[in-house]
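Novice: Pasting a structure here, questions to come.
The values are calculated or read from the model by the stated rules, or taken from the named source; none is laboratory data. These numbers were taken from a predicted model, which means no experiment stands behind them. With ideal geometry, Cβ positions are generated from the backbone for all residues, glycine too; neighbour counts draw on all protein chains shown. What goes into the accessible areas is simple: the full protein's heavy atoms, side chains included, and nothing from ligands, DNA or RNA. Shrake-Rupley method; radii C 1.70, N 1.55, O 1.52, S 1.80 Å.
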Amino acid sequence: MPDRVSPVARIYLDHNATTPLHPAVADRMVAALAQDFGNPSSLHHFGQRAKAVVDQARSAVAALIGADASEIIFTSGGTESDNLAIRGAWEALERTPRRHLISSAIEHEAVLNTLKALAKRGAETALLPVGDEGIVSPDALRAALRDDTALVSVMHANNEIGTVQPIAELSQIARERGALVHADAVQSAGKIPVNVKVLGVDMLSISAHKFYGPKGIGAIWIRRGLRLLPTLTGGKQERGRRAGTENVPGIVGMGVAAEIALAKMAEESARVATLRDRLEAGILAAVSGTVLNGARVPRVSNTTNISFDRVEAESLLIALDLDGIAVSTGSACSSGTLEPSHVLKAMGFPAHRTQNSIRFSLGASNTQADVDRVIAVLPEIVEKLRHLTRTPVRA
Ligand code: PLP
């Protein structure tokens, strides 16, 4: 189908799904693909050269999350990191009485479905509720913790609504009861300060493609000395925690992306927050029947999630796309289906509000002109869609 919108005129507002590769990242990856082809486990020049670039990237990734480089394990992305944290901890504790796993109702599927899989193998699981602001309460964790709780896994920032969870407080509560703590920081790393020591966690997952790095590469920070069974068995790479020849170009790309994200974080998150706030206020003022989903604070700087009354989210997404504006209906994994958002459902919203929400996630390429264009075109698009469906206004 011919593209009726020029690529330069397109506006990308789906940075929580993925981000474009930073040009400096692409350059370094191309160089690594061509020159650093050795196997980092090989003892000769070529292997040692590849090992050197991997180690350099490991230090850059560690710096992004306030960690020691020796505690960073590279994986294939956020999903694998989440799996390794939860399955690895569960399996390491298999012969102990700790059989209980706690997470939250608003986690990414990488966590939720891993819990479901372990439940089939005998794990007892509990999902912490969230209030209508989309934040896990420390009291809910206190109530759910048991003497046999093995692990508490709560995300740092939510991918759909951007709310930031009180991880440091939750960690302290969990650790007092002897449970391990994992934080999925895939949506916070690179956007807001993330420091494993401040958060007080045992494990933390991140993914490069959410901060202008390549897809298919991520990392998990594992506190030194923590026993974890590997999910992939094989060679001794990554200190025996993750077998398989390292994805050297991906790792190099992740390192460069981490360096850039850290250097620009304060300035860029303030700039993006200003744009996000302008977009949010503009939409809520210009389009009737709109409501913000989730707390305004604490929230990552780039995300806003808005429900449009009497509009089906998928139809609005498609209409905006035809106008050159890319947004998302909740998490990327569930787009294309009419399933209500499990996040908004957990927040206690009625069915229509969970099905008519749009996530706008801003990033490096966005300008004030982009935001103003979205605010300018949205009222008419929404009115047209409402006219087509002619459903009555809801109270
Ligand atoms: N966790 C969260 C909160 C995410 O948003 C995502 C991706 O959308 C993931 C995990 C999975 O990361 P990856 O795409 O690198 O597997």
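Novice: Can you find even one residue in the stretch 47-54 that is of a type outside the set (D, E, K, R), surrounded by 15 or more Cβ atoms within 10 Å (Cβ to Cβ), assigned to a strand (DSSP E or B) and at pLDDT 95 or above?
Specialist: Scanning the stretch 47-54, I find no residue that is of a type outside the set (D, E, K, R), surrounded by 15 or more Cβ atoms within 10 Å (Cβ to Cβ), assigned to a strand (DSSP E or B) and at pLDDT 95 or above, so the answer is no.
Novice: Next up: Does the stretch 215-229 hold any residues that are surrounded by 21 or more Cβ atoms within 10 Å (Cβ to Cβ) and over 25 Å from ALA31 (Cβ atoms), and which are they?
Specialist: Filtering the stretch 215-229 down to residues surrounded by 21 or more Cβ atoms within 10 Å (Cβ to Cβ) leaves 217-222, 228.
Across the stretch 215-229, the qualifying residues are ILE220, TRP221, ILE222, LEU228.
Novice: Kindly evaluate VAL196 against the criterion of being open to solvent by less than 20 Å² (accessible area, probe 1.4 Å), more than 30 Å from VAL291 (Cβ to Cβ), in contact with a strand residue (DSSP E or B) (Cβ under 7 Å, 6 or more places away or on another chain) and within 16 Å of the ligand (Cβ to nearest atom).
Specialist: In short, no.
Novice: Anything in the stretch 82-98 that is among the basic types (Lys, Arg) and surrounded by fewer than 18 Cβ atoms within 10 Å (Cβ to Cβ)? List them, or say none.
Specialist: Looking only at the stretch 82-98, we keep the residues that are among the basic types (Lys, Arg), and these are 87, 95, 98.
ARG95 - this is the single residue of the stretch 82-98 that is among the basic types (Lys, Arg) and surrounded by fewer than 18 Cβ atoms within 10 Å (Cβ to Cβ).
Novice: Would you pick out the residues in the stretch 159-180 that are aliphatic (A, V, I, L, M) and open to solvent by less than 10 Å² (accessible area, probe 1.4 Å)?
Specialist: Correct list: ILE161, ILE167, LEU170, ALA174, ALA179.
Novice: Give the residue that is nearest to the ligand (Cβ to nearest atom), with candidates limited to residues of the stretch 67-81 that are closer than 10 Å to GLY218 by Cβ and not in a helix (DSSP H, G or I). Even if it seems obvious, please write down each step before you answer.
Specialist: To start, the set of residues in the stretch 67-81 that are closer than 10 Å to GLY218 by Cβ comprises 73-81.
In the following step, the residues that additionally are not in a helix (DSSP H, G or I) were identified as 73-77.
On the way: ILE73: 14, PHE74: 12, THR75: 9, SER76: 7, GLY77: 3 Å.
The extreme case among them is GLY77.
Novice: Being on the phi < 0 side of the Ramachandran plot, without any contact (Cβ under 8 Å) to a residue 24 or more places away in the chain, in a helix (DSSP H, G or I) and open to solvent by less than 60 Å² (accessible area, probe 1.4 Å) is true for just one of LEU275, LEU284, LEU279. Which residue is that? Steps first, please.
Specialist: Working: LEU275 fails: without any contact (Cβ under 8 Å) to a residue 24 or more places away in the chain; LEU279 fails: without any contact (Cβ under 8 Å) to a residue 24 or more places away in the chain.
So the residue among LEU275, LEU284, LEU279 that is on the phi < 0 side of the Ramachandran plot, without any contact (Cβ under 8 Å) to a residue 24 or more places away in the chain, in a helix (DSSP H, G or I) and open to solvent by less than 60 Å² (accessible area, probe 1.4 Å) is LEU284.
Novice: Quick one: what pairs do we get from the stretch 37-52, first residue within 9 Å of GLU246 (Cα to Cα), second in a helix (DSSP H, G or I) and among the hydroxyl-bearing types (Ser, Thr, Tyr), C-beta under 6 Å, 6+ apart or different chains?
Specialist: none
Novice: Could you figure out which of (1) assigned to a helix (DSSP H, G or I); (2) modelled with pLDDT under 95; (3) open to solvent by less than 60 Å² (accessible area, probe 1.4 Å) isn't true of GLY330?
Specialist: (1)
Novice: Sticking with this structure for a sec: Kindly evaluate LEU262 against the criterion of being modelled with pLDDT of 95 or more and open to solvent by less than 50 Å² (accessible area, probe 1.4 Å). Walk me through it before giving the result.
Specialist: Numbers: modelled with pLDDT of 95 or more: yes; open to solvent by less than 50 Å² (accessible area, probe 1.4 Å): no.
So LEU262 does not fit the description; no.
Novice: I'd like to verify a number: residues in the stretch 200-213 that are open to solvent by 10 Å² or more (accessible area, probe 1.4 Å), of a type outside the set (D, E, K, R) and either within 15 Å of the ligand (Cβ to nearest atom) or not assigned by TED's automatic domain parsing to the domain that holds GLY244 (or both), how many?
Specialist: Within the stretch 200-213, the first condition is being open to solvent by 10 Å² or more (accessible area, probe 1.4 Å), and the residues that meet it are 200, 209-210, 212.
Add one more test, that the residue is of a type outside the set (D, E, K, R), and what stays is 200, 209, 212.
Remaining after also requiring either within 15 Å of the ligand (Cβ to nearest atom) or not assigned by TED's automatic domain parsing to the domain that holds GLY244 (or both): 209, 212.
Qualifying residue count for the region: 2.
Novice: Sticking with this one: Checking ALA150 against (1) away from the ligand (no atom under 16 Å from the Cβ); (2) part of a loop (DSSP other than H, G, I, E, B), which single condition isn't satisfied?
Specialist: Every listed condition holds for ALA150 apart from (2).
Novice: Please go through the stretch 107-136 and give me each residue that is open to solvent by less than 50 Å² (accessible area, probe 1.4 Å), of a type outside the set (A, V, I, L, M, F, W, C) and touching a strand residue (DSSP E or B) at 6+ places or on another chain (Cβ under 9 Å), ordered by number.
Specialist: GLU107, HIS108, THR114, GLY134, listed by residue number.
Novice: Quickly run through the stretch 348-362 and pick out the residues that are touching a Lys or Arg at 6+ places or on another chain (Cβ under 9 Å) and at pLDDT 95 or above.
Specialist: Once the filter is applied, which keeps residues that are touching a Lys or Arg at 6+ places or on another chain (Cβ under 9 Å) and at pLDDT 95 or above, the stretch 348-362 yields PHE360, SER361, LEU362.
Novice: Check GLU268 against each of (1) open to solvent by 20 Å² or more (accessible area, probe 1.4 Å); (2) assigned to a loop (DSSP other than H, G, I, E, B) and name the one condition it does not meet.
Specialist: Single failed check for GLU268: (2).
Novice: Tell me yes or no: at least one residue of the stretch 115-132 is away from the ligand (no atom under 16 Å from the Cβ), under 19 Å from ASP184 (Cα atoms) and under 20 Å from the mean Cα position of the chain (by Cα). Can you show your working first?
Specialist: First, the residues of the stretch 115-132 that are away from the ligand (no atom under 16 Å from the Cβ): 118-126, 129, 131-132.
Those still in the list that are under 19 Å from ASP184 (Cα atoms) too: 118, 125-126, 129.
Still in the list and also under 20 Å from the mean Cα position of the chain (by Cα): 129.
The answer is yes, given that some residue of the stretch 115-132 is away from the ligand (no atom under 16 Å from the Cβ), under 19 Å from ASP184 (Cα atoms) and under 20 Å from the mean Cα position of the chain (by Cα).
Novice: Right, next: Select, from LEU101, LEU145, LEU64, LEU141, the only residue that is at pLDDT 95 or above, within 16 Å of the ligand (Cβ to nearest atom) and under 25 Å from VAL196 (Cα atoms).
Specialist: Numbers: LEU101 fails: within 16 Å of the ligand (Cβ to nearest atom); LEU145 fails: within 16 Å of the ligand (Cβ to nearest atom); LEU141 fails: within 16 Å of the ligand (Cβ to nearest atom).
It is LEU64.
Novice: Tell me, please, whether a residue that is open to solvent by less than 40 Å² (accessible area, probe 1.4 Å), out of contact with any Gly (no Cβ under 8 Å at 6 or more places or on another chain) and acidic (Asp, Glu) can be found in the stretch 294-312.
Specialist: no
Novice: What's the number of the only condition in (1) out of contact with any helix residue (DSSP H, G or I) (no Cβ under 9 Å at 6 or more places or on another chain); (2) assigned to a helix (DSSP H, G or I); (3) among the charged types (D, E, K, R); (4) in the same structural domain as ASN39 (by TED's automatic domain parsing) that ARG239 fails to meet?
Specialist: (1)
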